[in-house]
Number of protein chains: 2
Amino acid sequence: MAQSKEIDVLVEEIIARVADRWTMVVLEALEERGTMRFTELSHEIPEISQKMLTKTVRQMERDGLVKRKVYAVIPPKVEYTLTDLGRGLSEAFCGVWIWAEKNHARIHEARKKFDAKGER
Amino acid sequence: MAQSKEIDVLVEEIIARVADRWTMVVLEALEERGTMRFTELSHEIPEISQKMLTKTVRQMERDGLVKRKVYAVIPPKVEYTLTDLGRGLSEAFCGVWIWAEKNHARIHEARKKFDAKGER
DNA sequence: CTGGATCCTTTTCGATACTG
DNA sequence: CAGTATCGAAAAGGATCCAG
């Protein structure tokens, strides 16, 4: 049963959005540590800029992957938690993480070989 | 058993590279149809430009995900095939595709809700 | 047929400064 | 604390032309 082409395009768009560099890392962090505040996230992922973190969590919220809970206190407090949808994605992506952990050495090796060839 | 931080960064780099928009689509195409020529790929994925396709398959070759076989004929003939590494990734990523197929409707729904809120 | 090279536009991203 | 706004650098991407 062939999927329609339109569905394919929709699915591809989801993959592209969701398989984003930072989305994956934030998803992992939230999966491992549960509910987290904005600053906790940025400490957990030092490589991300504040701007990208804001953008990423907003996008994830929009896509229904995380729940954003704002406390009306001063100073502000905002907590991020994975939704069921987000946890499902995290689980689905688990296989890719495992694959990457197992094979990153092979990839780096392949790159070295490839680059060595080109230098001749 | 906590993984070292350096490994994490290596793995994240792999994820980022491999979870690229076009890499995923090319991977899928090659997994489904086996060996393919350059033009076949570009026909199978009409949305990709020639430049991006070239770049993507080069990168995948460098990372050891595809094998590139050049036939010394005129006109030129180049075939692309997944390596074991590539097939492994495709398999690992399979879970994410299934998740996306199952849940794309929920995501689009979540987006609609989110956008509706913002318009007030 | 399979690209490489070039030019140009668009998008992404980081750094910085500022606010409730 | 948790952002928004803005600027400029850098990267991605498309279009076109050319070559082996």
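The values are calculated or read from the model by the stated rules, or taken from the named source; none is laboratory data. This structure is a prediction, so every number in the text was calculated from the model and none was measured. Every residue, glycine among them, receives a Cβ derived from its backbone with ideal geometry; neighbour counts consider all protein chains shown.
Annotations
- Residue B:74 meets each of the listed conditions (1) at pLDDT 95 or above; (2) within 16 Å of DNA strand C (Cβ to nearest atom) apart from (1).
- Listed by position, the helices (runs of 4 or more DSSP H) contained in the stretch B:1-119 that have at least 1 residues being at the interface with chain A (Cβ under 8 Å from one of its Cβ atoms), within 16 Å of DNA strand D (Cβ to nearest atom) and not hydrophobic (A, V, I, L, M, F, W, C) are B:5-18, B:21-33, B:50-62, B:84-118.
- Residue B:87 being at pLDDT 95 or above, surrounded by 12 or more Cβ atoms within 10 Å (Cβ to Cβ) and within 16 Å of DNA strand C (Cβ to nearest atom): no
- The stretch A:9-25: number of residues that are farther than 12 Å from residue B:25 by Cβ and within 13 Å of DNA strand C (Cβ to nearest atom): 7
- All positions within the stretch A:30-56 that are of a type in the set (A, V, I, L, M, F, W, C), closer than 20 Å to residue B:8 by Cβ and within 16 Å of DNA strand C (Cβ to nearest atom): A:41, A:45, A:48, A:52, A:53
- Each residue in the stretch A:1-58 was checked for being of a type in the set (Ser, Thr, Tyr) and modelled with pLDDT under 95, and 2 of them qualify.
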